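A.B. asks: One structure, as structure tokens, below. Some questions next.
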There are 2 protein chains.
Amino acid sequence: MNATDKFASLLTLTREPFPASTKSAIVGSRPDLRVPVRDVALTNGECVSLYDTSGPYTDATVAIDVRLGLLDVRGAWIVERGDTESYAGRQLAALDDGVKGEENARIAQLRADAAALQRTPRRAKSGANVTQMHYARRGIVTPEMEYVALRENGKREWMAEYLANEERARRVMGNPMGARIPQIITPEFVRDEVARGRAIIPANINHPEVEPMAIGRNFKVKINANIGNSAVTSSIEEEVEKLVWAIRWGADNVMDLSTGKNIHTTRDWIVRNSPVPIGTVPIYQALEKVGGVAEDLTWAIYRDTLIEQAEQGVDYFTIHAGLRLPFIHLTANRMTGIVSRGGSIMAKWCIAHHRESFLYTHFEDICDIMKAYDVSFSLGDGLRPGSGADANDEAQFAELRTLGELTQVAWKHDVQTMIEGPGHVPMHMIQANMDEQLKHCHEAPFYTLGPLTIDIAPGYDHIASAIGAAMIGWAGTAMLCYVTPKEHLGLPDRDDVKQGIIAYKIAAHAADIAKGHPGARSRDDALSKARFEFRWQDQFNLGLDPDTARDFHDETLPKDASKTAHFCSMCGPKFCSMKITQEVREYAAQRGLDEGAAVFDGMHAKSAEFKAAGGEMYIPIRTE
Amino acid sequence: MNATDKFASLLTLTREPFPASTKSAIVGSRPDLRVPVRDVALTNGECVSLYDTSGPYTDATVAIDVRLGLLDVRGAWIVERGDTESYAGRQLAALDDGVKGEENARIAQLRADAAALQRTPRRAKSGANVTQMHYARRGIVTPEMEYVALRENGKREWMAEYLANEERARRVMGNPMGARIPQIITPEFVRDEVARGRAIIPANINHPEVEPMAIGRNFKVKINANIGNSAVTSSIEEEVEKLVWAIRWGADNVMDLSTGKNIHTTRDWIVRNSPVPIGTVPIYQALEKVGGVAEDLTWAIYRDTLIEQAEQGVDYFTIHAGLRLPFIHLTANRMTGIVSRGGSIMAKWCIAHHRESFLYTHFEDICDIMKAYDVSFSLGDGLRPGSGADANDEAQFAELRTLGELTQVAWKHDVQTMIEGPGHVPMHMIQANMDEQLKHCHEAPFYTLGPLTIDIAPGYDHIASAIGAAMIGWAGTAMLCYVTPKEHLGLPDRDDVKQGIIAYKIAAHAADIAKGHPGARSRDDALSKARFEFRWQDQFNLGLDPDTARDFHDETLPKDASKTAHFCSMCGPKFCSMKITQEVREYAAQRGLDEGAAVFDGMHAKSAEFKAAGGEMYIPIRTE
């Protein structure tokens, strides 16, 4: 069954709360600043609260109608700033949904479903700049920045944990690899990180439904999941469910990579129902508007597409402006040439016209659009390697250096910017990517795809890439774009999306632990304690995927009784190592280290005797 | 369905050869020295030969009867050496299968199935030492060593690949992290590595069916899979199929962790039918012999068990001799105490008797047994951390230092030795484990379980640990013990075993690529080339799991025609980046770098003009 079928088979959105979990909020300096967290109630009476990307969908108290969209989170904050205005917006065209006249009936129906999702767009007033970076550089701490600070901190049970055992805290303290993460994230710290370009808060003024989050090396490592419209005609529930499913398992951002028909209307459905930032690759839609003929692309069509999507509320655009005409021939001797879709489209255009990319020549024009809506740049790596053999070659790094130049131009306009990275990179070449990016892109957030550490794992590339993702996340990458098991093979289905997200949550969390993010360890410690105390339900519920953990356990020990049993089917009752610990604890209570040492010496002498006597004391090996 | 059911449902062994693959042999200096490789025929007429762990089971030309066992590979080599003798061996006892009198009937039936698998055991002649290390130190290159050399080298298509592109070879050259892997592995190199204890060749003289392999940092990183007998009465096919299934997917070693009933007879079935080295944890069987009461264990019972298993042909024993009485109290303040089964059994014994571990006090007696059969030590880490919070603590490292002392004792007896390692270790603490092991254990091969980099992924610990396994493999670990998705939750079933093995083949291969093993890259390059040339069948067949790759692809593009289609359902025909490359190649053919530079300058000027004119040339963003 393919993706379409699996999602189509759903009649309703996935809305069950996580087991033993309730949604709660950390309230900020104003009543309408409420940061969501998921509180997990443990069977021992304790509570662990977790960073929550799932939005209102896991909140049983909220009624949601996908035809109306989500409630507004930050609309008031935007209006209060008084630097934006609402306006008519561009005229919707049939071509926006990739259709010619004859299909209008079908599109009309889809658009009718989206009627109540239409909003009057806002943009910056004449001469104004409404980016979070612009405010930050003027010393303004926005509600979005405070929201991010509270969200990164969470409720801080971890502090007690840390102080509880100094030796452990010292020993497991992470290695930040150049990151500078404070024990407490303040709104002022967020402002400073955004001002210097080391973090971005993707939040288009036309996407007031977004729950603000930050992407930067001094914050938790984030992950992105990609979704796209279905080949056949979609239903609004079906498209929104892809989003809901992705954020349920932990996607911090979602990119809508829709191509083909009705992508404008699908985007209305997605943005209006999304609590996470939405990214797109505008060249995909622009290409549809010229019938798929790359050579026919023009700046005017591309520019119109940027405005169309900015008005809908897309939070960041992947723009391959660093793929320049003179770099293309550098890919000629590669094992796998150009493997970026957007990159190949622009390379084709450049070659056909033998002209420099219009994305490069019009970069400042693009900045003017970005700052009018606060759309962030995700500068695309159109020349990323498609195999380990092509990793870190001149084509890749020439483009990366250009992305660094463009970052400076974007920052001149106070436009928030992150940099996309590879791709396929063997483990020993990963650090060099981070070093080059930090050096040339001035600590602008790095957003990498994987990287895949080997090329021979088709069907398992979520694992081959999670290894690279964890390492580069530790090294300083701010966001990891997930890879599903279907990478290189086909369109991911519902389960593939989940598998890819869980693998990337593992990579991102491993990086946070290694970096020493002060909020990262508490969940591991709480789960380990539950594991050691045989609190099975808590072990399941604190995991990244409670359902699967419980199902795996129940396959062999289904009885409820075994949920408190002091063993599992892996070792069985007789071999459960944890059962012995009580005895060890008692033993340790009686005898301190000195006693231990005394025992040590005593036994040392004893063992010497044994050895001396050894040979004779037992039946020799030879039995005759 | 649990493991038992799934395996029980099999009527026959899995024996299909891999797609487009044929078994061939590299013949050594004597006709009976034939090293198996798997030759994969590509659709472009090329052939890639792969390291093959699957034994005769994937060779359609070989008839196999599990009741008779595999054909002998190295029996003649052992006899030729003239330093061993066959002898009656110990008397088989009902207790060896963990049964009391009343169950003898059932066991009798199981043993009847194994009747033709009984062999007259061999042992060293009086005063002789028959370990590969002993021969190596005397300058003798055994057929086993030559076998290993040929096996590590393979057929060497990689050389052509490497020489084909110097720039690439230089760029992707690995970082050995202290390893010293020659371009060509010679039998003399293998001898030297074994002599200095930096590699072992697990090969009990009573396991002549084994296809020799090496475990050492200067060879390919190996992986181990664990199997165990089923809770219910087993059939011989069922137990052997677990082994066959594990080596089919790439397990280089298999540990039989059977507990409970009929473990002696199950072991006969497994060893006689195994082309890979078999390891065990003898304390498990010894504990069964004393009715599961750790306090009742004695050196005499343990020693008798070692001889029993050595006579059957077990290639290495996990022995937790480094867990000493004075270290136990160091675990008192741990988050998760002692998590090793063998470790907890010995800790319980030490505490109950308040005496030093008999494994430590009798270590030299154990060496005498090991060298009489060439059983290798796998010195167990009974105090490995069970959570990230306990990683690298004093309990763990005190034991590791003791394992270093014991390594010196084992080497005094020329007994081959490897060292077991953790466990649960965050990424930033992994290197310290390798450093400590190298420092205290004198480069004896490190054999680690994972390590798991985080604790919150129950149900996905094969991924959480593959990250750590890849990193520690790159750092110098010689063998990685797999972790399945069921870790911490229950008994792995057939699919879990496969998932765990594939995840670990990924980790091991990522490590080989990063270390720069000269034989590692060729498979990746061949697959990448196939991918780029849209040779789908070759892409599937060169992967770690051809079946899954093909199934994933066919879910969305089932037609045979699409096996040569220049796109897949992920991007579709219009967005396939690879389609553009021919144009890029032509373009590059016409214009060299100079031309590119000229274009660059030209465009640079042009873009300046555009910018100058920019503002006016296009409709301003504000439409009114």
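The values are calculated or read from the model by the stated rules, or taken from the named source; none is laboratory data. Source: prediction; values computed, not measured. For neighbour counting, all protein chains shown are included, and Cβ atoms are generated from backbone atoms with ideal geometry for every residue, glycine included. When the accessible area is computed, the model is the full protein with side chains, heavy atoms only, and any ligands, DNA or RNA have been set aside. Shrake-Rupley method; radii C 1.70, N 1.55, O 1.52, S 1.80 Å.
A.B. asks: Taking residue A:505 as meeting all but one of (1) more than 21 Å from residue A:435 (Cα to Cα); (2) within 7 Å of chain B (Cβ to nearest Cβ); (3) of a type outside the set (Asp, Glu), write down the number of the exception.
C.D. replies: (2)
A.B. asks: Regarding residue A:298, is this residue closer than 28 Å to residue A:240 by Cβ and in contact with a helix residue (DSSP H, G or I) (Cβ under 8 Å, 6 or more places away or on another chain)?
C.D. replies: no
A.B. asks: When region B:423-460 is examined, which residues are found to be crowded, with 24+ Cβ neighbours inside 10 Å and of a type in the set (Gly, Ala, Ser)?
C.D. replies: Passing the criteria: B:423, B:444, B:450, B:457, B:459.
A.B. asks: Right, another one. Return only the number of the condition from (1) of a type in the set (Val, Ile, Thr); (2) in contact with a strand residue (DSSP E or B) (Cβ under 9 Å, 6 or more places away or on another chain); (3) part of a helix (DSSP H, G or I) that residue A:484 does not satisfy.
C.D. replies: The one condition residue A:484 does not meet is (3).
A.B. asks: Could you look through region A:88-144, keep only residues that are acidic (Asp, Glu), open to solvent by less than 60 Å² (accessible area, probe 1.4 Å) and more than 19 Å from residue A:304 (Cα to Cα), and pick out the one that is nearest to the other protein chains (Cβ to nearest Cβ)?
C.D. replies: A:103
A.B. asks: Also, quick follow-up: Of everything in region B:249-275 that's outside any strand (DSSP E or B) and among the charged types (D, E, K, R), which residue is nearest to the other protein chains (Cβ to nearest Cβ)? Quick ask: steps written out before the conclusion?
C.D. replies: We begin by selecting, within region B:249-275, every residue outside any strand (DSSP E or B); these are B:249-252, B:257-275.
Adding the requirement that they be among the charged types (D, E, K, R) leaves B:252, B:261, B:267-268, B:272.
Values: B:252: 17, B:261: 12, B:267: 17, B:268: 20, B:272: 23 Å.
Here the answer is B:261.
A.B. asks: Does residue B:379 meet the test of being hydrophobic (A, V, I, L, M, F, W, C), within 24 Å of residue B:337 (Cβ to Cβ), more than 13 Å from every other protein chain (Cβ to nearest Cβ) and in contact with a helix residue (DSSP H, G or I) (Cβ under 7 Å, 6 or more places away or on another chain)? Step through it out loud before you land on a result.
C.D. replies: Numbers: hydrophobic (A, V, I, L, M, F, W, C): yes; within 24 Å of residue B:337 (Cβ to Cβ): yes; more than 13 Å from every other protein chain (Cβ to nearest Cβ): yes; in contact with a helix residue (DSSP H, G or I) (Cβ under 7 Å, 6 or more places away or on another chain): yes.
Criteria met by residue B:379.
A.B. asks: So, residue A:274, is that one in contact with a Leu (Cβ under 8 Å, 6 or more places away or on another chain), among the polar types (S, T, N, Q) and more than 26 Å from residue A:398 (Cα to Cα) or not? Quick ask: steps written out before the conclusion?
C.D. replies: Numbers: in contact with a Leu (Cβ under 8 Å, 6 or more places away or on another chain): yes; among the polar types (S, T, N, Q): yes; more than 26 Å from residue A:398 (Cα to Cα): yes.
Yes, satisfied.
A.B. asks: Of (1) in a helix (DSSP H, G or I); (2) at the interface with another protein chain (Cβ under 7 Å from one of its Cβ atoms); (3) closer than 29 Å to residue A:397 by Cβ; (4) open to solvent by 10 Å² or more (accessible area, probe 1.4 Å), residue A:529 satisfies all except one. Which?
C.D. replies: The failed condition is (3).
A.B. asks: How many residues are in contact (Cβ under 8 Å) with a residue 40 or more places away in the chain and either more than 14 Å from chain B (Cβ to nearest Cβ) or aromatic (Phe, Trp, Tyr) (or both) if we restrict to region A:385-403?
C.D. replies: 2
A.B. asks: Which residue out of A:290, A:281 is hydrophobic (A, V, I, L, M, F, W, C), away from chain B (no Cβ under 11 Å) and within 23 Å of residue A:92 (Cα to Cα)?
C.D. replies: Of the residues listed, the single one that is hydrophobic (A, V, I, L, M, F, W, C), away from chain B (no Cβ under 11 Å) and within 23 Å of residue A:92 (Cα to Cα) is A:290.
A.B. asks: Right, next: Scan region A:345-361 residue by residue and report those that are facing chain B (nearest Cβ under 7 Å) and open to solvent by less than 10 Å² (accessible area, probe 1.4 Å).
C.D. replies: Within region A:345-361, A:347, A:356, A:361 qualify.
A.B. asks: Test each condition in (1) open to solvent by 10 Å² or more (accessible area, probe 1.4 Å); (2) out of contact with any Pro (no Cβ under 7 Å at 6 or more places or on another chain); (3) closer than 24 Å to residue A:130 by Cα for residue A:311 and report the one that comes out false.
C.D. replies: If we test residue A:311 against (1) open to solvent by 10 Å² or more (accessible area, probe 1.4 Å); (2) out of contact with any Pro (no Cβ under 7 Å at 6 or more places or on another chain); (3) closer than 24 Å to residue A:130 by Cα, just (2) comes out false.
A.B. asks: Evaluate the following for residue A:332: is it without any contact (Cβ under 8 Å) to a residue 24 or more places away in the chain and facing another protein chain (nearest Cβ under 7 Å)?
C.D. replies: Numbers: without any contact (Cβ under 8 Å) to a residue 24 or more places away in the chain: yes; facing another protein chain (nearest Cβ under 7 Å): yes.
So residue A:332 passes the test.
A.B. asks: To continue, here is another question. So, residue A:95, is that one assigned to a helix (DSSP H, G or I) and among the aliphatic types (A, V, I, L, M) or not? Give the steps one after another, and end with the answer.
C.D. replies: On the way: assigned to a helix (DSSP H, G or I): yes; among the aliphatic types (A, V, I, L, M): yes.
So residue A:95 passes the test.
A.B. asks: Right, another one. What are the residue pairs meeting all of these: first residue in region A:424-451, first residue free of Cβ contacts under 8 Å to residues at least 12 places away in the same chain, second residue small (Gly, Ala, Ser) and in a helix (DSSP H, G or I), Cβ atoms under 7 Å, and 6 or more apart or on different chains?
C.D. replies: Every condition considered, the pairs that remain are A:428/B:514.
A.B. asks: Report yes if residue B:414 is open to solvent by 10 Å² or more (accessible area, probe 1.4 Å), on the phi > 0 side of the Ramachandran plot, of a type in the set (Asp, Glu) and touching a residue at least 60 places away in the same chain (Cβ under 8 Å), otherwise no.
C.D. replies: Considered against the rule, which asks whether it is open to solvent by 10 Å² or more (accessible area, probe 1.4 Å), on the phi > 0 side of the Ramachandran plot, of a type in the set (Asp, Glu) and touching a residue at least 60 places away in the same chain (Cβ under 8 Å), residue B:414 comes out as yes.
A.B. asks: So which residues in region B:60-96 are touching a Lys or Arg at 6+ places or on another chain (Cβ under 6 Å) and modelled with pLDDT of 95 or more?
C.D. replies: B:69, B:83, B:84, B:85, B:86
A.B. asks: Can you tell me which of (1) open to solvent by 10 Å² or more (accessible area, probe 1.4 Å); (2) at pLDDT below 95; (3) over 30 Å from residue A:120 (Cβ atoms) is the one residue A:229 doesn't meet?
C.D. replies: (3)
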